[in-house]
Structures are given as structure tokens and as C-alpha cells.
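The values are calculated or read from the model by the stated rules, or taken from the named source; none is laboratory data. Predicted model, so just to flag it, every value in this text is computed and none were measured. Heads up, the Cβs are rebuilt from the backbone with ideal geometry, glycines too, and the neighbour counts pull from every protein chain shown.
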Amino acid sequence: MDTAPAQTAPRSRLLEFTVLGTVLAAILYVVGFQSEARRAEALDRPLRQAWESFAATNQSSEATAGLTLDQLPAALETIRQSVADLAELRLVVAERIGLPADVVAQIQSPFLFIDFENERLRHAESLFALARSKKVAFAPDATNGLPQYTADTAEPSLLWARLEFSRQLLLAAIHAQVGAVRELVQLPAVSHRSLINGRRLYEELPMRIEVVGAVEPVGRFLASLPLRDAELEATGMAGVLTNKPALFLSHLLARKSAPERPAELRAELIVSGFVPLETGRGTASPRATAALLR
């Protein structure tokens, strides 16, 4: 009896199943594994790009270049301490450049020309009377230099701050008992903006003033400019310069007043006051100002 065909049939079917299985495995590999590999690659791409960007930044930044993983905790603590120091510094700066509450209220209220002009004239009269009582020569250009409203004034509300800065500057000169105040001139404002988004943080309002006098009173006047409150005790003017904002000297030219008076100086100064801004308005709150400076 011939059994060869019967034995060949199972082997043929086994071969067919093997070939079919191989083909199916190839199809699954192409369709399934390859598509999953591409999907995994797509998911991995943003992470890889972020890592490459981080690595490049880490090497190019002066703050992190060369840092190893075990050095990161100490570096992080240093950064946190720097942030805390900066926050404290912001409060100190905000406190120094803060304006008196009544001036802030005037800035934040609608500007009325009549109210401003009345206040300006009142200050001019009182300053002139005080100068006369202190025997300080007061040229007309001194009080004429108090800020004035004009049709092209961009932000009239800031005239209140200019008036306060000018008044306090002249009061400091008078109480220091310089010989004479020759001139006061309002200079164009300077906007100081954030380097991040360009937002105005504060407005600098500079003034030029010329005084004449002996070295001691002129020096006392100069020393008083950045001082506030109890700090003014060093100049002997703490009791007379109340609510004085800090004023900042940027330019100084001092020379002899005349050859025949060698002990007398003529000093020309540019002095600025700063107005913290919040949507173009002033604020007296140190914490609010610190938030603006962030």
C-alpha cells in the first residue's frame, strides 16, 4: 500500500501555514510596529527638542554653565536668596520714591487748572516770604520756574508731582540758608520702562536749579537732597523739611561765584524726583510700587 501522498499532504499544509504566518507577521510588523514606532517618535520629538534647548541654554548661560546635577541644589538656593534680596530692595526703593498721600490723591483725581494754579501761586508766595525771612535772595526766575500748565502738557496730572518736587527743592535751599537762589527750570520728563514688556514703571521729572552761597550751606543743601524724614537730622533740617521725597542729583557744576569772593560758590544742579506709575497714575503704596517693578 502506497502512503507517500498521505504523508506529503500534511507537510504541504504545514508549509502553507508557515508561509502564511510569516506573511501575517510581516504585515503586522509593517502596519503595527512601524506605525507605533512613528507615533513614539512623534511623541518623543518635543521632549528631545526641549532637552536639546535646555542643554544648549545650560551651557551658554553664565549662571548655569558647567553646573553638574549635584551642584544644582546649592545654585537653586542662591537664586532663591537673590530673589528674596531683590524683593526687599524693591520695597526699599518704593519707600524712597513714594510721594506724600495728599500729592498722590491730587495726581489720581481729575486735573483742574484752577485748583493747580491756585496751589502754585500759594506756594510761590509762601516760598518768597520764607526766603525773605531767612535772608536768602530769591530771584524772580526761582518762583517763575515752578511748573505751569500749557496746552501741550502731555500729562497734566503729573504737574502736581512736579510742583511738590520743586517746592521741596526750594525749601531745602532756603532752610540750608544758601546765599541766593538764582534760577529754577523744569526739564523734559524721562520715562523709565520695563525691559521685558516696555511698560512704564516710573516717570523721572528733572529740574535745573542754580544757587549761590558759601561752601557750608551749599554743601548742606546738596547733602539734604536724597534724605527723608529722620535722615535729615544729619543736616539739621529734620524739623523743617517734612514729608520731603527723596531727590536725586544727576549733574553738578560748581565754580567760584566771583574772583573777589573766593569763599562763595555758584552751583548749577540737575535734580530729579520720581513718580511711581500704575496705568499712568501715581501711587504712594510701597508694596504696590514694588509689584510694578517686578
| So Leu247 fits all but one of (1) closer than 23 Å to Val190 by Cβ; (2) crowded, with 19+ Cβ neighbours inside 10 Å; (3) without any contact (Cβ under 8 Å) to a residue 24 or more places away in the chain; what number is the exception? | (3)
| field | Filtered residues of the range 85-104 (kept if in contact (Cβ under 8 Å) with a residue 24 or more places away in the chain and either in a helix (DSSP H, G or I) or not assigned by TED's automatic domain parsing to the domain that holds Leu171 (or both)) | value | Ala87, Arg90, Leu91, Val93, Ala94, Glu95, Arg96, Ile97, Ala101, Val103, Val104
| Residue identified as basic (Lys, Arg) and crowded, with 17+ Cβ neighbours inside 10 Å among Arg220, Arg208, Arg199 | Arg220
| message | For the range 208-245, give me each residue that is part of a loop (DSSP other than H, G, I, E, B) and within 23 Å of Thr143 (Cβ to Cβ). | response | Leu225, Met237, Val240, Leu241, Thr242, Asn243, Lys244, Pro245
| Which is outside any helix (DSSP H, G or I) and β-branched (Val, Ile, Thr), of Thr153, Thr143? | Thr153
| note | Of Leu277, Leu184, the only residue that is crowded, with 16+ Cβ neighbours inside 10 Å and under 18 Å from the mean Cα position of the chain (by Cα) is Leu277
| request: Name the one entry in Ile107, Ile114, Ile174 that is under 26 Å from Ala267 (Cβ atoms), assigned to a helix (DSSP H, G or I) and among the hydrophobic types (A, V, I, L, M, F, W, C). | output: Ile174
| task | Go through the range 70-98 and give me each residue that's of a type in the set (Ser, Thr, Tyr) and either under 26 Å from Asp229 (Cα atoms) or over 20 Å from the mean Cα position of the chain (by Cα) (or both). | result | Thr78
| task | Within the range 109-125, identify whether any single residue is touching a strand residue (DSSP E or B) at 6+ places or on another chain (Cβ under 9 Å) and farther than 15 Å from Gln186 by Cα, and answer yes or no. | result | no
| said: Here are the criteria: (1) in a strand (DSSP E or B); (2) of a type outside the set (Ser, Thr, Tyr); (3) surrounded by 12 or more Cβ atoms within 10 Å (Cβ to Cβ). Tell me which single one Pro262 does not satisfy. | reply: (3)
| message | Taking the criterion of being crowded, with 16+ Cβ neighbours inside 10 Å and more than 19 Å from Ser272 (Cα to Cα), would at least one residue in the range 110-118 satisfy it? | response | yes
| message | Take the conditions over 21 Å from Glu204 (Cα atoms) and either surrounded by 11 or more Cβ atoms within 10 Å (Cβ to Cβ) or not assigned by TED's automatic domain parsing to the domain that holds Met237 (or both) and apply them to Asp141. Does it pass? | response | yes
